[in-house]
1. Which value, in debye to the nearest 20, gives the size of the charge dipole of the chain about its Cα centre, when Lys and Arg are +1 and Asp and Glu are -1 at the Cβ?
2. May I ask you to compute the full-extension gain from Gln1 to Ser62, defined as 0.36 nm times their residue separation minus their alpha-carbon distance, rounded to one decimal in nm?
3. To make sure I understand the rule: partners must be lysines, Cα under 18 Å from the Cα of Lys42, and not fewer than 8 residues away in the same chain. Which ones qualify?
4. Quick one: with all protein chains in place, what share of the accessible area of the chain is carbon or sulfur, to the nearest percent (1.4 Å probe)?
5. Just the number please: accessible area per residue for the chain, 1.4 Å probe, all protein chains included, in Å².
6. Pick out, in residue order, every one of the GluC sites (Glu not before Pro) in segment 5-94 that is DSSP loop and has at most 11 other C-beta atoms within 10 Å; say none if there are none.
7. Show which lysines lie in cross-link reach of Lys75 when reach means a straight Cα distance below 20 angstrom and same-chain residues fewer than eight apart are skipped.
8. Once a ≥ b ≥ c are taken as the square roots of the eigenvalues of the Cα gyration tensor of segment 34-80, is the result rounded (a/c under 1.5), prolate (a/b larger than b/c) or oblate (a/b not larger than b/c)?
Amino acid sequence: QVQLVESGGGLVQAGGSLRLSCSASRPTFGSYLGWFRQAPTKEREFVAAISWNTGSTNYADSVKGRFTISRDFAKNTVYLQMNSLKPEDTAVYYCAARFSVGNYNYWGQGTQVTVSS
């Protein structure tokens, strides 16, 4: 079991930046940590993910070049740096973890990000 707690959401103007944090209750060696988001009336969608061990990353096309995912071993924390934010980035952002191939099975409670135009 691992608990994930997100923080760092808020209200920002278009073109601004935010950094989301996801703190894990224990080291997550061997895991993939991901960020997902869900906007009102829309399905949850993948944003970015990072391999805890290797640091390899992948991103949704909609955020490539604007968002950066990273991790801090000492703090058991994953970050999502979001730059050049757009109103369409408005959503609840969730952190998730998986320890094997397949679905993410550990989720945080989410943090709201609102981008005003």
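The values are calculated or read from the model by the stated rules, or taken from the named source; none is laboratory data. Nothing here was measured: the structure is a model prediction, and the numbers come from that model. Positions of Cβ are backbone-derived with ideal geometry, glycine not excepted, and every protein chain shown enters the neighbour counts. Just the protein is used for accessible areas: all its heavy atoms, side chains included, with ligands, DNA and RNA removed. Shrake-Rupley method; radii C 1.70, N 1.55, O 1.52, S 1.80 Å.
1. 160
2. Gain on stretching Gln1 to Ser62: 18.8 nm.
3. Leaving aside lysines fewer than 8 places away in the same chain, those within reach of Lys42 are Lys86.
4. 48
5. 52
6. Answer by residue number: Glu43.
7. Qualifying lysines at Cα under 20 Å: none.
8. It is prolate, given that a/c is not under 1.5 and a/b is the larger ratio.
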